[in-house]
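Enquirer: Following this message is one structure expressed as structure tokens.
The values are calculated or read from the model by the stated rules, or taken from the named source; none is laboratory data. For clarity, every value in this text was computed on a predicted model and none was experimentally measured. No Cβ is skipped: glycine too gets one built from the backbone with ideal geometry, and neighbour counts run over all protein chains shown.
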């Protein structure tokens, strides 16, 4: 490991190590951006506040908003499904075992990680990828993503053109009590995801400030600054 970048922070030798691959980074950015667009356009669809002079039929404001919402939903769906697929075909910290604490080491880090988030510990336990609490929360979040996709497609199917294969997706609506129930679930899950976004940003900033490991930068560059011992141990683990 003599060929890697090295720096000293608070008496500890840190090395620059690639943690997140391109697929993880790209899908993360696409999901984040699409959530912003979907939330804004979703608010405008549910509570139209944009008005313009002249006949509404000549302006098509809400219709345009729905079109933007639909295309953002396509980006969101493809990014989520790509990330789920990558959990099983990717390598390293992109894989599914980063999300569930099946191994003993990850289980022993759950309580110390919780203590760090509650300001009961000065530093979080070791680990290069997702910590065990974050991993488990992401499982729930991806479940919410799938609920949003299913309810969204079901709601779109109601107004889909005759002959469109999407019209068959109206079959999912009875699961949620019809179109109105699916719309309510869609709305509630949106708020849950926005709440997660706030927590996610807080946790990332907290970790980046305490560890000074480039957590925020890593979603763009893919690299973190980690203790040399952790980096060497990570290189020896099977992927």
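Enquirer: Has segment 94-109 got at least one residue that is touching a strand residue (DSSP E or B) at 6+ places or on another chain (Cβ under 6 Å) and at pLDDT below 85?
Expert: Within segment 94-109, the first condition is being touching a strand residue (DSSP E or B) at 6+ places or on another chain (Cβ under 6 Å), and the residues that meet it are none.
Checking segment 94-109: not a single residue is touching a strand residue (DSSP E or B) at 6+ places or on another chain (Cβ under 6 Å) and at pLDDT below 85.
Enquirer: Which condition number in (1) at pLDDT below 90; (2) crowded, with 18+ Cβ neighbours inside 10 Å; (3) under 21 Å from residue 144 (Cβ atoms) is the one that residue 219 fails?
Expert: Here residue 219 clears every test but (2).
Enquirer: Kindly indicate which of 198, 158 is surrounded by fewer than 18 Cβ atoms within 10 Å (Cβ to Cβ), within 21 Å of the chain's Cα centre (by Cα) and either modelled with pLDDT under 90 or closer than 25 Å to residue 114 by Cβ (or both). Give the derivation first.
Expert: Working: 158 fails: within 21 Å of the chain's Cα centre (by Cα).
None of the other options fit; the residue is 198.
Enquirer: Give the residues of segment 117-157 that are more than 30 Å from residue 46 (Cβ to Cβ) and free of Cβ contacts under 8 Å to residues at least 40 places away in the same chain, sorted by residue number.
Expert: 118, 119, 120, 121, 125, 130, 131, 132, 133, 135, 136
Enquirer: For segment 96-111, give me each residue that is within 22 Å of residue 141 (Cβ to Cβ) and assigned to a helix (DSSP H, G or I).
Expert: So in segment 96-111, the residues within 22 Å of residue 141 (Cβ to Cβ) come out as 96-103, 106-107, 109-111.
Within segment 96-111, 96, 97, 98, 106, 107, 110, 111 meet the criteria.
Enquirer: In addition: For residues that are buried (at least 17 other Cβ atoms within 10 Å of the Cβ) and part of a loop (DSSP other than H, G, I, E, B), scanning just segment 17-26, find the one that is modelled with the lowest pLDDT.
Expert: 19
Enquirer: Looking only at segment 162-191, which residues are buried (at least 17 other Cβ atoms within 10 Å of the Cβ) and either out of contact with any helix residue (DSSP H, G or I) (no Cβ under 7 Å at 6 or more places or on another chain) or within 18 Å of residue 35 (Cα to Cα) (or both)?
Expert: Once the filter is applied, which keeps residues that are buried (at least 17 other Cβ atoms within 10 Å of the Cβ) and either out of contact with any helix residue (DSSP H, G or I) (no Cβ under 7 Å at 6 or more places or on another chain) or within 18 Å of residue 35 (Cα to Cα) (or both), segment 162-191 yields 183, 185, 186, 189, 190.
Enquirer: Could you look through segment 57-89, keep only residues that are buried (at least 17 other Cβ atoms within 10 Å of the Cβ) and in contact (Cβ under 8 Å) with a residue 60 or more places away in the chain, and pick out the one that is nearest to residue 38 (Cα to Cα)?
Expert: Ranking the candidates gives 73 first.
Enquirer: Return a yes/no flag: does segment 71-90 have any residue that is in a loop (DSSP other than H, G, I, E, B) and either over 16 Å from the mean Cα position of the chain (by Cα) or modelled with pLDDT under 85 (or both).
Expert: yes
Enquirer: Oh, and also: Identify the residue in segment 27-57 that is part of a helix (DSSP H, G or I) and farther than 25 Å from residue 186 by Cα and, among all such residues, is modelled with the lowest pLDDT. Walk me through how you get there before you give the answer.
Expert: First, the residues of segment 27-57 that are part of a helix (DSSP H, G or I): 27-46, 56-57.
Restricting the remaining residues to those that are farther than 25 Å from residue 186 by Cα gives 56-57.
On the way: 56: 62, 57: 65.
Restricting to residues being part of a helix (DSSP H, G or I) and farther than 25 Å from residue 186 by Cα, the top hit is 56.
Enquirer: Which ones in segment 210-228 are over 19 Å from residue 113 (Cβ atoms) and in a helix (DSSP H, G or I)?
Expert: Within segment 210-228, 217, 219, 220, 221, 228 meet the criteria.
Enquirer: Residue 183 fails exactly one of the following numbered conditions: (1) in contact (Cβ under 8 Å) with a residue 24 or more places away in the chain; (2) within 15 Å of the chain's Cα centre (by Cα). What is the number of that condition?
Expert: Residue 183 satisfies every listed condition except (2).
Enquirer: Let me ask something else. I'm trying to understand the selection: among the residues of segment 112-136, which are part of a loop (DSSP other than H, G, I, E, B), more than 16 Å from the chain's Cα centre (by Cα) and surrounded by 13 or more Cβ atoms within 10 Å (Cβ to Cβ)?
Expert: The answer is 121, 124, 125, 126, 127, 128.
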